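Undergrad: One structure, as structure tokens, below. Some questions next.
The values are calculated or read from the model by the stated rules, or taken from the named source; none is laboratory data. Predicted model only: the values in this text are computed from it and were never measured. Virtual Cβ from ideal backbone geometry, glycine too; neighbours counted across all protein chains shown. Ligands, DNA and RNA are stripped out before the accessible areas are found, and what is left, the full protein with its side chains, is counted by its heavy atoms. Shrake-Rupley method; radii C 1.70, N 1.55, O 1.52, S 1.80 Å.
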Amino acid sequence: MPETAQYVDPRRWKALIFIALAQLMVVLDATIVNIALPSAQDALDISDGNKQWVITAYALAFGGLLLFGGRLADLWGRKQTFIVGLIGFAAASALGGAALNSPMLMGARALQGIFGALLAPSALSLLAVTFTDAKERAKAFGIFGAIAGGGGAVGLILGGVLTEYMNWRWTFFVNIPFAIVAAVGAISVIREPAESRNPAKLDIPGVLLATLGLVSLVYAFTRAESDGWTAGITLGLFVAAVVLLAAFAVVESRVKAPLLPLRVVTNRNRGGVYLALGLAVIGMFGLFLFLTYYMQMVKGYSPVKSGLSFLPMIVGMITGSTQIGTRLMTRVPARMLMGPGFLVAAVGMLLLTQIDLDTSYPLLILPGFLLLGLGMGTAFMPAMSLSTFGIEPRDAGVASAMVNTSQQVGGAIGTALLNTIATSAGEKYGKAHVATAKSPELLQLQSQVHGYTTAIWWAVGILVVAAAIALTFVNAGRQDGSSAVSGSGEGAAEDAIPVMAH
């Protein structure tokens, strides 16, 4: 039995509470600010051209620095980077809540992204090295997966409540108690195996190339949404991203202590998980965006009612993750949960392609949300676990960072790609029906809904592709090995998962 499996931390379940709380805070922040943005824009007199930077500043810092954050966690120790990330995120949130002007708010969002990039991979890798028993790991990742999948929808609800009944600033201030409780708890109960650190010297060329490449990629999709896919700046950023990330891959294959050991991503199962999760998030982020607009602008829901309408999706995710994924993960191969899970989610999304101006929430939207949540929860849970299963302890941080990177890049792609599709389809519909429209206002709403449904059709297709990738690439057997984190011998990570394959 590997050394890391010999010691079982008696306080591991208490540790899970604080790890999960920190993860919830990070995931919440991805959507909670979206609800508050119109109010913040009005209060701070932010121009329409600059308002996207409240979202983009966070996305660029978070997405660009995730791999670096994961490597720092392996180098310094995950507990230490976890606590530093929490304190920094809380300070940045306080700065954002107290913002007096738009530069101060955008700077705070960038700082949130920087500390989030340190915090997110630390949380997942702490989970990976703390829970090594297969059944316990299934339960722990079931809880973590439900939070990772449903936290965005929780953010919409909480953002709506805080914005409507308090003030947009509380969408920032709410992070402070989360962070304080998680930090105090982490100091008290989290214990990290000392032998799981990676003391190798930091790969500076890799850090620079990965950070610049990921920032270019995320920013390219942001500019594609605002300037168009064929704009010079958009194409230039995409080219820069490809060149920088290709150079990063070459450097990583040659340096002695790489930032991202290629064994982490070339493993068939982990590579399949990263790709499938990234695609699934494309569909999820697009759906959150469109249905938030649909509920408020078409159905006339208040921010609170709009947020609460997503509650069945959260219930579905929790059920899928903790009742289906957790119970079956040690009994069936991961692909038999991920593939069907993504397909069930696609069926739920398929129902949502039928929305129109007077769609019944109980008859159509509610069952769509339930199926979407159930499928995503079932698929996310084994995917999150498999992404670090069998990994060398010294690589746990960077493997965890890759999970977050695939989700962050997927979110950037989903927002830009699906929003572009929706806008284009809506404009075409408006031009085609202008002669027969009963009123300009009605035509505008009909055009918007047509754009949303067209984009959701694309999201359905993307989820089907994610299911196909999970069923094809992921060939690991049941996650029932004696240790979830392999020994530290050379090549151990490459051997650990294929041993399980049928």
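Undergrad: Of LEU371, LEU60, ASN34, whose Cα points farthest to the positive end of the dipole of the chain (charges on the beta-carbon: +1 Lys, Arg; -1 Asp, Glu; origin at the Cα centre)?
TA: Result: LEU371.
Undergrad: Also, I was wondering about something else. Which one, ALA432, ALA416, MET402, projects farthest toward the positive side of the charge dipole computed for region 263-477 from Cβ point charges (K/R +1, D/E -1)?
TA: MET402
Undergrad: Give the peptides 388-394, 40-46, 372-378 in descending order of average Cβ contacts within 10 Å, highest first.
TA: Highest-to-lowest ranking by the protection proxy: 372-378, 388-394, 40-46.
Undergrad: Using only Cα atoms, find the angle between the long axis of helix 366-386 and the longest principal axis of the chain, and express it within 0 to 90 degrees, rounded to the nearest 10.
TA: Once rounded, one gets 20 degrees.
Undergrad: Got a sec to turn the phi values of region 131-146 into Karplus ³J(HN,Hα) couplings, 6.51 cos²θ - 1.76 cosθ + 1.60 with θ = phi - 60°, whole Hz, x for Gly and Pro?
TA: For region 131-146, the Karplus curve yields 9, 10, 6, 4, 5, 5, 4, 4, 5, 4, 6, x, 5, 5, x, 5 Hz.
Undergrad: With an 8 Å cut-off on Cα pairs and a minimum separation of 6 or more residues, tell me the relative contact order of the chain in percent.
TA: For the chain, the relative contact order is 23 percent.
Undergrad: From the Cα gyration tensor of region 330-429, with a ≥ b ≥ c the square roots of its eigenvalues, which class applies: rounded if a/c is under 1.5, or else prolate if a/b is larger than b/c, or else oblate?
TA: Note, shape of region 330-429 comes out oblate.
Undergrad: Using only Cα atoms and rounding to the nearest 10 degrees, what angle (0 to 90) does helix 175-189 make with the longest principal axis of the chain?
TA: The helix 175-189 is inclined about 10 degrees to the chain.
Undergrad: Could you run the Karplus curve 6.51 cos²θ - 1.76 cosθ + 1.60 with θ = phi - 60° over region 218-230 and give me ³J(HN,Hα) per residue in whole Hz, x for Gly and Pro?
TA: Taking θ as phi minus 60°, the curve returns 5, 5, 4, 5, 5, 5, 4, 5, 8, 9, x, 6, 9 Hz for region 218-230.
Undergrad: Sort out for me the Cα centre separation of region 325-352 from region 53-91, rounded to whole Å.
TA: After rounding, the separation between the Cα centres reads 30 Å.
Undergrad: With point charges of +1 on the Cβ of Lys and Arg and -1 on the Cβ of Asp and Glu, referenced to the Cα centre of the chain, which listed residue (MET349, MET295, GLY232) lies farthest in the positive direction of the dipole?
TA: Farthest along the dipole direction, towards plus: MET349.
Undergrad: Still on this model: Helix 102-130 versus the longest principal axis of the chain: what is the Cα-based angle in degrees, 0 to 90, to the nearest 10?
TA: 40 degrees
Undergrad: State the percentage of accessible surface on region 263-477 attributable to carbon and sulfur atoms; use a 1.4 Å probe and exclude ligands, DNA and RNA.
TA: Carbon and sulfur atoms account for 67 percent of the accessible area of region 263-477.
Undergrad: Using the reciprocal of the averaged 1/r over all distinct C-alpha pairs, how large is the Kirkwood radius of region 313-362 in Å?
TA: So the Kirkwood estimate lands at 12.5 Å.
Undergrad: Another question, then. Please state the equivalent ellipsoid semi-axes for region 255-410: what are the square roots of 5 times the Cα gyration tensor eigenvalues, largest first, in whole Å?
TA: Listed largest to smallest, the semi-axes of region 255-410 are 33, 17, 12 Å.
Undergrad: Per residue, how much accessible area does the chain have with a 1.4 Å probe, in Å²?
TA: 38 Å²
Undergrad: Distance between the C-alpha centers of region 242-259 and region 92-157? Whole Å please.
TA: The distance from the Cα centre of region 242-259 to that of region 92-157 comes to 27 Å.
Undergrad: Just subtract the alpha-carbon distance of ALA231 and ALA435 from 0.36 nm times their residue separation and send over the number in nm, one decimal.
TA: Roughly 70.3 nm would be gained on extension.
Undergrad: With the cut-off at 1.5 for a/c, could you classify region 133-261 from its C-alpha gyration tensor as rounded, prolate or oblate?
TA: oblate
Undergrad: How large is the charge dipole for region 10-192, taken about the Cα centre, if only the Cβ atoms of Lys, Arg (+1) and Asp, Glu (-1) carry charge, to the nearest 20 debye? Before the final figure, lay out each step's value.
TA: Details: 13 positive and 9 negative charges, 156 e Å.
For this selection, approximately 740 debye.
Undergrad: Please give the charge dipole size of the chain, origin at the Cα centre, charges +1 on K and R Cβ atoms and -1 on D and E Cβ atoms. Round to the nearest 20 debye.
TA: It works out to roughly 600 debye.
Undergrad: Here's a follow-up. Among (1) 23.4, 75; (2) 23.4, 100; (3) 21.8, 74, find the value of Rg and Dmax of the Cα atoms in Å that was calculated from the structure presented, and write down its label.
TA: Only one option fits the structure, namely (3).
Undergrad: First measure r as the distance between the Cβ atoms of MET166 and ALA468, then evaluate 1/(1 + (r/R0)^6) with R0 = 45 Å and state the FRET efficiency to the nearest 0.05.
TA: Working from the Cβ atoms, E equals 0.50.
Undergrad: Using only the alpha-carbon atoms of region 10-192 as identical scatterers, what base-10 log of I(q)/I(0) does the Debye formula give at q = 0.13 Å⁻¹?
TA: -0.62
Undergrad: What are the residues whose amide H is under 5 Å from the amide H of ILE391, where those residues sit 5 or more places off or on another chain and H is modelled from the backbone?
TA: Excluding prolines and chain starts, which carry no amide H, the hits are SER486.
Undergrad: How big is D, in µm² s⁻¹, for region 203-258 by Stokes-Einstein at 37 °C and 0.692 mPa s if Rh is the Kirkwood radius over C-alpha pairs?
TA: 284 µm²/s
Undergrad: Using the Cα gyration tensor of region 199-329, with a ≥ b ≥ c the square roots of its eigenvalues, what is the shape: rounded (a/c below 1.5), prolate (a/b larger than b/c) or oblate (neither)? The partial results should precede the final answer.
TA: Values: a/c = 3.14, a/b = 1.43, b/c = 2.20.
The shape class here is oblate.
Undergrad: Okay, moving on. To the nearest 20 debye, what charge dipole does region 263-477 have about its Cα centre, counting +1 at the Cβ of each Lys and Arg and -1 at the Cβ of each Asp and Glu?
TA: Dipole of region 263-477, to the nearest 20 debye: 380 debye.
Undergrad: Cross-link list LYS135/LYS201; LYS51/LYS139; LYS79/LYS135: which exceed 30 angstrom alpha carbon to alpha carbon?
TA: Values: LYS135/LYS201 35 Å; LYS51/LYS139 40 Å; LYS79/LYS135 24 Å.
Result: LYS135/LYS201; LYS51/LYS139 exceed 30 Å.
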